[in-house]
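Colleague: Quick one: this structure, given as structure tokens, is what I'll be asking you about.
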């Protein structure tokens with residue numbers, strides 16, 4: 001999702017938390033890190049779902 005995108009300085013979980021607005025309170029606890037990673041993935045999957053409805057992929061690579 002971030003290829004050729006300069007919005008993130010680094011690709012660390014803390015930077016992703018800042019980027020998507022997730023609190024860093026309790027960060028670096030294994031369970032919290034997994035939950036936050038899941039929330040980030042869910043947000044990007046929802047974004048993809050929203051955008052993919054507007055894009056026609058059929059035969060776009062032929």
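The values are calculated or read from the model by the stated rules, or taken from the named source; none is laboratory data. From a predicted model like this one, the values you see are computed outputs, not experimental measurements. Glycine gets a Cβ as well: all are built from the backbone with ideal geometry, and neighbour counts include every protein chain shown.
Colleague: Being part of a helix (DSSP H, G or I) and exposed (fewer than 11 other Cβ atoms within 10 Å of the Cβ) is the filter; apply it to region 42-62 and report the residue that is modelled with the lowest pLDDT.
Modeller: Only one residue fits best here, namely 52.
Colleague: Looking only at residues that are free of Cβ contacts under 8 Å to residues at least 24 places away in the same chain and in contact with a helix residue (DSSP H, G or I) (Cβ under 7 Å, 6 or more places away or on another chain) in region 10-22, which one is nearest to residue 46 (Cα to Cα)?
Modeller: Taking region 10-22 and keeping what is free of Cβ contacts under 8 Å to residues at least 24 places away in the same chain, we get 10-12, 14-15, 17-22.
Remaining after also requiring in contact with a helix residue (DSSP H, G or I) (Cβ under 7 Å, 6 or more places away or on another chain): 17, 20, 22.
Working: 17: 17, 20: 13, 22: 16 Å.
The selected residue is 20.
Colleague: Also: Here are 25, 7: which of them is loosely packed, with under 10 Cβ neighbours inside 10 Å, in contact (Cβ under 8 Å) with a residue 12 or more places away in the chain, part of a loop (DSSP other than H, G, I, E, B) and at negative phi?
Modeller: Residue meeting the stated conditions: 7.
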